[in-house]
1. Excluding residues on the same chain fewer than 8 positions from K585, give the aspartates and glutamates whose Cα lies under 12 Å from its Cα.
2. In the neighborhood of A47, defined by Cβ-to-Cβ distances under 9 Å, what is the net charge if each Lys or Arg adds +1 and each Asp or Glu adds -1?
3. Using the Kirkwood radius over C-alpha pairs as Rh, can you work out the diffusion coefficient of the chain via Stokes-Einstein at 4 °C, viscosity 1.567 mPa s, in µm² per second?
4. Using the C-alpha atoms of segment 162-312, what convex hull volume per residue, in cubic angstrom, is computed?
5. What percent antiparallel are the DSSP beta bridges of the chain, to the nearest 5?
6. Quick one: 3J(HN,Hα) in Hz for segment 465-482, Karplus 6.51/-1.76/1.60 with θ = phi - 60°, rounded, Gly and Pro as x.
7. Averaged per residue, what accessible surface does the chain expose to a 1.4 Å probe, in Å²?
8. For segment 432-441, just list the computed ³J(HN,Hα) in residue order, Karplus coefficients 6.51, -1.76 and 1.60, θ = phi - 60°, integers in Hz, with x standing in for Gly and Pro.
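The values are calculated or read from the model by the stated rules, or taken from the named source; none is laboratory data. No experiment lies behind these values; they were computed from the predicted model shown. Glycine gets a Cβ as well: all are built from the backbone with ideal geometry, and neighbour counts include every protein chain shown. Please note that ligands, DNA and RNA were not included when accessible areas were found on the heavy atoms of the full protein model with its side chains. Shrake-Rupley method; radii C 1.70, N 1.55, O 1.52, S 1.80 Å.
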Amino acid sequence: FAIMPVRDASTVEQNRRASWFSHKSETAKPYYYQVYLADHDINVEIAPADRAAAMMFTYPAGEVSGVVVDAYDEGSYIKVLPEKQAIIGYTTKNCGGVPDNFRNWFVVKFDKPFESTMVYDGPAKGLGEALEFEGNHALASVGFRTQRDEKVNIKVASSFISLEQAWLNLEEVGDKTFAQVKFQAKDRWNDILSRIQIGGGSEEQYRTFYSCLYRATLFPRKFYEINSNGTPVHYSPYDGQVHNGYLYTDTGFWDTFRALFPLLNLVYPSVNKEIQQGLANIARENRFLPEWASPGHRGCMVGNNSASVVADAILKGITPEEDWQTLYDCIVYGTENVHPTVNSSGRLGHEYYNSIGYIPYNIGIHESVARTLEYAYDDWCILQLARKMGRPETEFSKWESRSGNWRNVFDPSHNLMRGRNADGTFQEPFSPYKWGGAFTEGNAWHYTWSVFHDVDGLAEAMGGKEVFAQMLDSVFVVPPIYDDSYYGYRIHEITEMQVANMGNYAHGNQPAQHMIYLYNWAGQPWKTQKWVREVMDRLYSATPDGYCGDEDNGQTSAWYVFSALGFYPVCPGSDEYAVGAPLFKKAVVHLENGCDLEINAPDNGPENRYVRGMKVNCSRWNESFFKHKHLAAGAVIDFNMTSDCHPER
């Protein structure tokens, strides 16, 4: 729903109430937003709580100043309550994938009495003396006289449960002044962002780092509310009922399993504990975990990466043990079924994958190689869960065997992943530059490295570490050419690859973001250090144009946060991180268990630009904390070891 201050309360239609604005007269902070609406001569300020917000509108002098509340089309309700100086209602506007009873209830409370009211059946039909309307498109406007620079305060809250719950949610801002809401929000964000403290960098690097950490902590979003008893409850977009317990939404696991959820597990485990409890609730409310929740099942992307998200949290001790079996059963069910209406949940093509070990290219299931590769990794994650839970030995062999299915779409004649037909032949013609087809928003150069759980096996299949490193080199050496015939036009991810000027490396999208770290497995960590720093320096900044592609629910920012700290979770579901190149001379991660993860990375001089030492102090981590750099508590990792440093660097 929309709330719009206007200098004329009769200006309700969307295009008429719109206003020009400039970024030069705008302030955007995590806890506060301000913008000047030039066409109305109104200054707008907003400060957030969890499920409510405070707004303050500064008006010019006027006889008919007002506010429009638009509940949108596709079914909505609105009612003006003059005695309460409030507007209430609901909107059903959504992107699909929710039950018919989906409602977003809202309350808008004013600190100024109304001098005029109007309810509309659609933006062009006023309803005279009526104070409420329910139909396709409900709107309302309220008017009042204002003096120049008069401030009108509005409190707003919403609920997916009921109108009564929306009123309850409004208490988050309650009788607080705008300044109090603003500074409480500032304190919340300071707590969240100060979990990681950095030093020894430039102001621009600090801005970039905390901008990324901010974006990484925006998703997933809370979909639960706190009832009158002080306990969490939620409306379920999976069965349309109200249940006790947590629920989060707005995340795509295809993106966020890679670094965003590992970041939550490291820095904000109490939040991911709630998210995992929410996933267990989803499992109880239907048979499938969502692969792209927004707010329910969404037909988007491929893979079954809820298995990775669940496994990493359980293996790192985040998820309550009473939810393990529920989550395990749901994940296993998804390996042999597909959601009846949203085929991105569960596993599309599972019949082929489970029988012949891959999804054929020529059976009408698009992006077959991407699905096969991600299913294989997800099966490895399920194997780790099965071992952790002490499942029967007979289950181990099934998951272990399927985790090797990546080999069935690996073409040794090209040392690349390639579509494979049902008869076992590889698809023709083959171009490693073709986006889509067998792959998802990428090509063979990008997806060949999606063997997170068996990098050594992939290197062996290519002919050894030297060849493996040469193939990694090739991604950066080949020109940024492409074939977009699958899409019929150049998708924005292709454009982002081209303008990055790093060959066919496409950091602006997720499939290749981990591959830089794979040089560690080839025994050439200086190349990891070089390319990690190149990407951080060139493709990220704190300016409006300083972002290299899809954020996708925090994943691309989480990549930067990890990389700036000096390590990266190449394989979620394992207890290992791959070492990179710390950006800052000092970083401290304040862990929720009371430990500090301290990284000291003094500059070793211009001749070793990408090489820094690292010391980590924390009793929490065991010796397998880093891949190829076994670390005991308090030990020192020195990147400037002769065996690890390229002689030219």
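1. E598, D603
2. +1
3. 48 µm²/s
4. Spelled out: Cα convex hull of segment 162-312, divided by residues, is 141 Å³.
5. 95 percent
6. 5, 5, 5, 4, 5, 5, 5, 4, 4, 4, 4, 8, 8, 5, x, x, 7, 7
7. Averaged over the residues of the chain, the accessible area is 39 Å².
8. x, 9, 7, 7, x, x, 7, 10, 10, 6
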